[in-house]
Structure formats: C-alpha cells, structure tokens
1. By how many nm would the segment from A86 to K30 lengthen if fully extended, with 0.36 nm per residue of separation less the alpha-carbon distance?
2. Pick from G31, G43, G59: which is most flexible by mean-square fluctuation in a GNM of the chain where alpha carbon atoms under 10 Å apart are linked?
3. Can you tell which of E27, E17, E76 shows the greatest fluctuation in a Gaussian network model of the chain with Cα springs below 10 Å?
4. Loop only per DSSP, at most 15 neighbouring Cβ atoms within 10 Å: give me the chymotrypsin sites (Phe, Trp or Tyr not before Pro) in the range 1-81, ordered by residue number.
5. Would you count, across the chain, every pair of lysines whose alpha carbons are under 16 angstrom apart, provided the pair is eight or more residues apart or spans two chains?
6. Once amide H atoms are built 1.01 Å from N in the peptide plane, which residues 5 or more positions from T5, or in another chain, come under 5 Å H to H?
7. According to the Kirkwood expression over distinct Cα-Cα pairs, how big is the hydrodynamic radius of the chain, in Å?
8. In whole Hz, what ³J(HN,Hα) sequence does the range 14-22 give by Karplus (6.51, -1.76, 1.60; θ = phi - 60°), x for Gly and Pro?
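Here, each number is a calculation from the coordinates, and none is a lab measurement. Since the model is a prediction, treat every value here as computed from it, not as a measurement. Cβ: placed from backbone, ideal geometry, glycine included. Neighbour counts: every protein chain shown.
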Amino acid sequence: MREDTIEICHLKKAYGEHVIFSNLTMELKKGAVTCLMAPSGAGKTTLLRILAGLEQADGGKIGGLEALRKSMVFQEPRLAEELTAAANIP
C-alpha cells in the first residue's frame, strides 16, 4: 500500500437481505477532493460512515486511515443557527 492513498478492497455491506455493496474496490488519494456520485440508495453515505468509523463493514479491507483524523458534516441541518460556521465545529 502507498502512503498517499486510502485503499478500499472488496468492501461489503448489507442491512439484512438488502445488499448495499458487495465488492467495492477503489483507491483514494489522500488530500485530494473526491466526488462520489450515484443514485439515491447506492451506498454513498454508508461508505462515508464506514470510512469515518461510524459503521462497520461486513467484509473487505480499508487501508491508509490509521493515522488520519476524520470528521464529517451531516446532510441533515444540524448546525446551530446562532453560531458562526467555525463555532459549529466542536
């Protein structure tokens, strides 16, 4: 594995009988802007939650995240309107 990449190999995730992805393999360059585009329900948010450590994959491997700090901004409006953008980040 290269130091400048996050490697996702054969990742699997399902909720019961509903398979979200079964053989997801990709390489992401650390520090780069990456866009995930797919229809609703394709697993974009699930993948991000797995990468952030909020969910566990059912199989496969992810390498390159060990020394990284991770954070997320949720899709739902969870910001306090009376605070600045910077003050909303704990």
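1. That pair, A86 and K30, stretches by 17.8 nm at full extension.
2. G31
3. Evaluated over the chain, the most mobile residue of the options is E76.
4. F74
5. Close lysine pairs under the 16 Å cut-off: 6.
6. Residues meeting the amide H criterion: K30.
7. In the chain this quantity evaluates to 14.9 Å.
8. 9, 10, x, 7, 7, 7, 7, 8, 10
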